[in-house]
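*Asks:* Would you mind keeping the following structure in view while I ask a few things?
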Amino acid sequence: MTSRISVRPVFFLIAFLSALLLLGGCADETPDVLALEIDGKTIELKLDKMDIFLVDPDHEAETAESFEMLGPEVVICGQFPLKTHVGYGEKYDVIKGKAVSITKGNTDVREPKRSSVILPESGQMLVEGGSLIVEKISPGEDARTPLRGTIQMRLKTVAGERTVKGTFKVKATTWG
């Protein structure tokens, strides 16, 4: 006597799991935000993008790559460590786990930007410095790679400088 295992239930299970994956069951659909902890509250500011400005490979030894993280109420500029280059191969793993400097402004003299955030009830606050750490890099699409991590910024207030901490999720694109 032979025993037969029906393949129909196995086929339906595989089809169901495949459809779930195709419909984005594993995709991260959370919005891109900068979430800052201020006075015991979480303030979420929408992020549109993170532009990473590459340098000519012939000048990598003396020139740092820079970035701008932008949203309607957010302009955060910074530089990667001098020997750390995402590069034209989009090697985001090189920045994972490394402290990346947040600067007062960008280095583009043609289109200068000042690091700042606009907070509800406080208005625009200038960013005097800080750092961010990329902790997770997700698969991207259309040259936009999702990055998640932690951030610490020094904000200029009427009462003096104040340090705030938080997290971010943003899609990064390299420009060369």
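The values are calculated or read from the model by the stated rules, or taken from the named source; none is laboratory data. Bear in mind the structure is a predicted one, so any value in this text is a computation, not a measurement. Positions of Cβ are backbone-derived with ideal geometry, glycine not excepted, and every protein chain shown enters the neighbour counts.
*Asks:* Within segment 88-114, can you find the residues that are assigned to a loop (DSSP other than H, G, I, E, B) and either hydroxyl-bearing (Ser, Thr, Tyr) or buried (at least 17 other Cβ atoms within 10 Å of the Cβ) (or both)? Please lay out each step first, then the result.
*Replies:* Residues of segment 88-114 that are assigned to a loop (DSSP other than H, G, I, E, B), as a first pass: 88-91, 97-98, 104, 106-113.
Answer for segment 88-114, where residues must be assigned to a loop (DSSP other than H, G, I, E, B) and either hydroxyl-bearing (Ser, Thr, Tyr) or buried (at least 17 other Cβ atoms within 10 Å of the Cβ) (or both): Tyr88, Asn106, Thr107.
*Asks:* Let me ask something else about it. Scan segment 153-172 residue by residue and report those that are surrounded by 16 or more Cβ atoms within 10 Å (Cβ to Cβ) and under 18 Å from the mean Cα position of the chain (by Cα).
*Replies:* Scanning segment 153-172 gives Met153, Val164, Gly166, Thr167, Phe168, Lys169, Val170, Lys171, Ala172.
*Asks:* Contact list please: Cβ distance under 7 Å, first residue in segment 83-107 and on the phi > 0 side of the Ramachandran plot, second residue among the hydrophobic types (A, V, I, L, M, F, W, C), pairs at least six apart or on different chains.
*Replies:* Note: pairs meeting the criteria are Gly87/Leu54; Gly97/Ile133.
*Asks:* May I pose another question? Please find, among Arg148, Arg162, Arg154, the residue that is part of a strand (DSSP E or B) and within 12 Å of Leu36 (Cβ to Cβ).
*Replies:* Arg162
*Asks:* Sticking with this one: If a residue has to be of a type in the set (Lys, Arg) and either in contact (Cβ under 8 Å) with a residue 60 or more places away in the chain or assigned to a loop (DSSP other than H, G, I, E, B) (or both) to count, how many in segment 117-145 make the cut?
*Replies:* 1
*Asks:* Residues that are over 21 Å from Thr145 (Cα atoms) and out of contact with any Pro (no Cβ under 8 Å at 6 or more places or on another chain): does segment 81-88 have at least one?
*Replies:* Yes.
*Asks:* A further question on this structure: Are there any pairs with C-beta distances below 8 angstrom linking a residue in segment 60-77 that is closer than 18 Å to Gly149 by Cβ and small (Gly, Ala, Ser) to a residue that is modelled with pLDDT of 95 or more and surrounded by fewer than 16 Cβ atoms within 10 Å (Cβ to Cβ), with the two at least 6 apart or on different chains, and if so which?
*Replies:* Taking only residues 6 or more apart or on different chains, the pairs are Gly71/Lys46; Gly71/Asp48.
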